[in-house]
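What follows is a short report on a single structure.
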């Protein structure tokens, strides 16, 4: 059993309205040094598999089919260390 | 002509679509998203709303629901498939139409009557409209900004797949796109709601003709193929 952290973000050329709104909000707070905020999603899940190749195959397949829309999004995942779970 | 009106949890334009089909003299039946066959139907209508609460992404969950395979099969069999609003989002999610729908560039949810142009009247869906005819359908969406790559956009233009455009782009859609069809011409996705434009007394009855077109699908679709 492994724990997966999957991060999904909008592709850089796709307008991120949430990021835009947040950009304005941080400036309202007075932090002009922060910019280009991009908002993504993170999914955590357990996978009943230990072979890293097999995990890669399953996570990619599920990301392409359901978790992400690769027309507008990109995804990255990592297998979390047992200690951090 | 018998239409399936597919119902997902969170669909909320299903009754309007049913009403539109019946109003033009077609038959209609609701079909639950857990069903696995649409063989008994001559056409498929996918309603607007917020299927599965728009969880994860608009149309994402509906895109893997049991009924999806049957929708793809109906499209393969050259039956008319019409997705409106959330239905359009679902059609892009399952790959029957290219591109994706993202948040309106102006950040807001927009609900109002919108002036549109039928830019391609040579389809089974738009046959009895004049070329470049203006129509008024309501829009009601927060994620209706049509996005695709430049390459896809050129392809859509080259194949005359752009059917409906906004006269004044409300949401940032590339090329003012409000509705597109697949290459074969039998799958139409659109953000505006023709099923909410059936009564002049309520603002517009421009939507009626779209449903009249689909009701006479065999005749209309054949003449443009």
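Points to keep in mind about this one:
- The label point for residue B:168 and the one for residue B:107, both projected 7 Å from the Cα toward the Cβ, are 2.1 nm apart.
- Anisotropy class assigned to chain B is rounded, per the alpha carbon gyration tensor with a/c under the 1.5 cut-off.
- In plain terms, the bigger the Kirkwood radius, the slower the diffusion; for chain A, with that radius from Cα pairs, at 20 °C and 1.002 mPa s, Stokes-Einstein puts D at 146 µm²/s.
- Exposure proxy ranking, count of Cβ atoms within 10 Å, fewest first, for B:7, A:24, A:65: A:24, A:65, B:7
- Neighbour-count order for B:166, B:137, fewest beta carbons within 10 angstrom listed first: B:166, B:137
- The calculated Kirkwood hydrodynamic radius for the protein assembly as shown is 20.5 Å, given to one decimal from all distinct C-alpha pairs.
- Choice from A:60, A:41, A:27 showing the highest fluctuation, given a GNM over chain A with Cα pairs closer than 10 Å: A:27
- Most simply put, chain B has about 60% antiparallel DSSP beta bridges, counting only bridges with both residues inside it.
- Per the Kirkwood formula applied to alpha carbons, the stretch B:1-127 shows a radius of gyration over Rh ratio, Rg over Rh, of 0.95.
- Neighbour counts of C-beta atoms inside 10 Å place B:208, B:156, B:82 in the sequence B:208, B:156, B:82, starting with the fewest.
- Equivalent ellipsoid semi-axes, the stretch B:110-225, via Cα gyration tensor eigenvalues times 5, rooted, Å: 20, 20, 10
- Per-residue mean of C-beta atoms belonging to partner chains within 10 Å, peptide B:60-68: 1
- Potential lengthening of the chain between residue B:149 and residue B:12 amounts to 46.3 nm, from the contour at 0.36 nm per residue minus the alpha-carbon distance.
- Bridge type composition, the protein assembly as shown - antiparallel percent by DSSP, nearest 5: 70 percent
Any read-out appearing in this document is the output of simple, stated calculations on the displayed coordinates, not a laboratory observation. Just so we're clear, the structure is a prediction, and the values are computed from it rather than from any experiment. Cβ atoms come from the backbone with ideal geometry, glycine included; neighbour counts cover every protein chain shown.
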